[in-house]
Amino acid sequence: RRNIYLDRLTRYSDDGFTLSAPTRYSVADWAKNLAALPRSRTLRRIRSHITFNFVWATLVSLAYYVFIPSDFASTVDAFVPFSLSGGILGILLAFRTSQSYDRFWHGRQTWAKVINRTRSLARISASYATADGFSHNAVLRWLVAFPEALKQHLQGERTIAAFDSLKETERRSLEACDHLPYACCYALSAEIDRIRAAKESEQAAHGLVWWQMEFLLNALQDCIGEPEAIAGTPVPLPYSSHTSRLLTLWTLSMPLVLVTRLPLITVPIATVLVSWMLLATEEIGHLIEEPFG
C-alpha cells in the first residue's frame, strides 16, 4: 500500500507533471523484500566471498569432526577474544558506512544546486532577458543539455546523441569539446553576453539582468567542480583495505570458534548468515560512496 507521504509528494510539480514518488522501503513490504533476496544486487556482488566462507566453514567442521578430540572444546575457549574483536569490527563498519552516506548526501545536495540554478536561469531568461540577437530558446536548449553533460562527465561516458535538445550544429560544436559541462557553460555565456552587448540606450536596463544571469552561470559552473571532487577523491584506499582485511580474517576465523560452541552441521549455515550481514553492510558502503554511479 502506498505511503500517505508519497501520495502527497506527487502533487508538487512545476512543469505540469507530477513528481515520481521515490522508491522507499516500507515495513509492510517485509515479505516481498525477503522473497527478493536472491535477486539482490548487493548479494550478487558478495556472492563469491560468501561461497568461499561456506566452503571454508564446511572444511573446518569436517576437520574438527575427524581430527579434534571430543574434549577439546572444554580445554580451549577462543570465544572471548572473538567477541571483543567483533565489537571493534562493528564500530569500524558503522563508521565506514556513515562516511559513505556523507558522500552520497553531499552529491545529492550538489545535484539540487544544479536543478535550482538551471531553473533560475530559465526563469530570468524568459521573463527579463531581451536584446538584439539574444535567443531564449537557445538558452533553454543549453540548460537542458547541461545536466546530461555533467552526468556523462562524472560517469566517464560520451554519447552526443543523448543531447536531443540541441540543434545539429550545436551538437557538432559540443562534440568538438573535451569537457562537455564546460562547453555548455561557454555556450550559455556566449548567449548571455548578447544582453551585455545591447545598444547603449538599453544597457542600463539590461545590465542588471546580465549580471544576475552571469552570477547564476558562475554558480552553475561551481556545480561542476564539487561533484568532480567527490568522484575524484575516493575513500582512502588504506582505510578501505584495512576494513576489508579485518572483515575477511574475522569471518574466516569464525568457524574455528563456532565448532566449539554449535553443532557441527550448523556451523556453515551460521557462518553464511553472519558473513552475509557483515559483507553486505560493507558492500553497501562501497555502493553509496559513489553517488554519481
Item to check | Long-range neighbours under 7 Å by Cβ, at least six apart or interchain, first residue free of Cβ contacts under 8 Å to residues at least 12 places away in the same chain and outside any helix (DSSP H, G or I) within segment 258-278, second open to solvent by less than 40 Å² (accessible area, probe 1.4 Å) and among the aliphatic types (A, V, I, L, M) | outcome: L262/A270
Next on the checklist: So if I check each of L180, L217, which one is touching a residue at least 40 places away in the same chain (Cβ under 8 Å) and either under 24 Å from E290 (Cβ atoms) or touching a helix residue (DSSP H, G or I) at 6+ places or on another chain (Cβ under 8 Å) (or both)?
Outcome noted: L217
Checklist outcome for this item: Of the residues in segment 267-293 that are more than 26 Å from the chain's Cα centre (by Cα) and open to solvent by 50 Å² or more (accessible area, probe 1.4 Å), the one that is nearest to L89 (Cα to Cα) is L273
Checklist entry - Considering only residues of segment 189-221 that are in a helix (DSSP H, G or I) and of a type in the set (G, A, S), which is modelled with the lowest pLDDT? => result S201
Item to check | Out of R108, R103, sole residue that is within 20 Å of the chain's Cα centre (by Cα), basic (K, R) and surrounded by fewer than 14 Cβ atoms within 10 Å (Cβ to Cβ) | outcome: R108
Checklist outcome for this item: Condition set under 18 Å from the mean Cα position of the chain (by Cα) and open to solvent by less than 30 Å² (accessible area, probe 1.4 Å), scope segment 230-247, selection nearest to L279 (Cα to Cα): answer is S240
Item to check | Any pair with Cβ under 6 angstrom, 6 or more apart, that starts in segment 134-153 at a residue that is of a type in the set (K, R) and at pLDDT below 95 and ends at one that is part of a helix (DSSP H, G or I) and buried (at least 18 other Cβ atoms within 10 Å of the Cβ) | outcome: none
Item to check | Residues that are of a type in the set (F, W, Y) and more than 18 Å from I195 (Cα to Cα), drawn from segment 125-166 | outcome: F146, F163
Item to check | Within segment 43-64, considering residues that are among the polar types (S, T, N, Q) and open to solvent by 40 Å² or more (accessible area, probe 1.4 Å), the one nearest to the chain's Cα centre (by Cα) | outcome: S48
Next on the checklist: Kindly evaluate V209 against the criterion of being more than 24 Å from E290 (Cα to Cα) and among the β-branched types (V, I, T).
Outcome noted: yes
Checklist outcome for this item: Scanning segment 118-127 for residues that are farther than 15 Å from S189 by Cβ and surrounded by 15 or more Cβ atoms within 10 Å (Cβ to Cβ), the one farthest from the chain's Cα centre (by Cα) turns out to be A122
Next on the checklist: Every residue in segment 135-167 that is of a type outside the set (K, R), assigned to a loop (DSSP other than H, G, I, E, B) and surrounded by fewer than 20 Cβ atoms within 10 Å (Cβ to Cβ), please.
Outcome noted: S135, G156, E157, T159, D164, S165
Item to check | Selection status of I115, closer than 30 Å to G225 by Cα, modelled with pLDDT of 85 or more and open to solvent by less than 90 Å² (accessible area, probe 1.4 Å) | outcome: yes
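The values are calculated or read from the model by the stated rules, or taken from the named source; none is laboratory data. These numbers come from a predicted model, not from an experiment. Cβ atoms come from the backbone with ideal geometry, glycine included; neighbour counts cover every protein chain shown. Surface accessibility is based on the protein's heavy atoms, side chains included, excluding ligands, DNA and RNA. Shrake-Rupley method; radii C 1.70, N 1.55, O 1.52, S 1.80 Å.
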